[in-house]
1. Enter the per residue convex hull volume of segment 88-139, computed from alpha-carbon coordinates, in Å³ rounded to the nearest integer.
2. Given C-alpha coordinates of the chain, what is the ratio Rg to Rh with the Kirkwood estimate of Rh?
3. What per residue convex hull volume, in Å³, comes out for segment 93-194 when only alpha-carbon positions are used?
4. Quote to one decimal, in nm, the extra length available between LYS73 and ILE186 on full extension: 0.36 nm per residue of separation minus the C-alpha distance between them.
5. Give LYS137/LYS158; LYS78/LYS158; LYS137/LYS194 a once-over and call out the pairs whose C-alpha atoms are over 24 Å from each other.
6. Can you name the helices of the chain, as whole DSSP H runs, whose Cα span along the helix axis is 15 Å or more and whose Kyte-Doolittle mean is not below 1.0?
Amino acid sequence: MAKNGGSVITNLRGLELEIVKANMPQYFVILNFVLFQITWFACVLGSARGYPWLSIIVVGLSLIWHLSQAKPKFIEAKWCLIALAIGAIFDQFILSLGIIQYHNNGWSESIVPIWILALWLAFALTFNVSMRWLRGKYLIALVFGAIGGPLAYIAAQKLGAVTLGEHSLIILGIGWGLITVAFSQISTKFDGFK
């Protein structure tokens, strides 16, 4: 890598440093990223096609594999539960306001669907591995979440899993920006990959 590289090189170096600090092989980071993409599609397409419970199987298998790699497992599991609770509260809030409508919930339409809960859990699995590069980079985390969160919901709408209401992208952007910053901070205290 170039010594005086741009921000991309700096971010890659930051990721490399975080990987070295965590003593994890690079293939593990890549696999973590790929597994998240697979779980995202399984959850969203499962919902869109009327199989919301598929998310439990796919994310459950990812969680088992992830926790089998963590040391100590209890700390990483605690982080996953914290992230799941934060995500559930946020999505219940936007559902209650009518900002979003979920399809094929798996249970009552007035409660956050099972597949969204599974997605929050899958998202949590990335913070101490493939997204640990966000640590300490609060502005980048804010922008990353504020753009990435709404884009994920737009993609889910195009695939038939959700319907977005008026002004939903603004609220999703604010919420996801703040949550991504919070996750990048909180996950450092519950890191099973130190």
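Laboratory data are not the source of any read-out in this text; all were calculated from the coordinates shown. Predicted model, so just to flag it, every value in this text is computed and none were measured.
1. Per residue, the Cα convex hull of segment 88-139 comes to 95 Å³.
2. 0.97
3. Here the figure is 99 Å³ per residue.
4. Computed gain between LYS73 and ILE186 is 39.0 nm.
5. Over 24 Å Cα-Cα: LYS137/LYS158; LYS78/LYS158.
6. Helices meeting the criterion: 26-48, 54-69, 73-96, 114-127, 138-158, 168-189.
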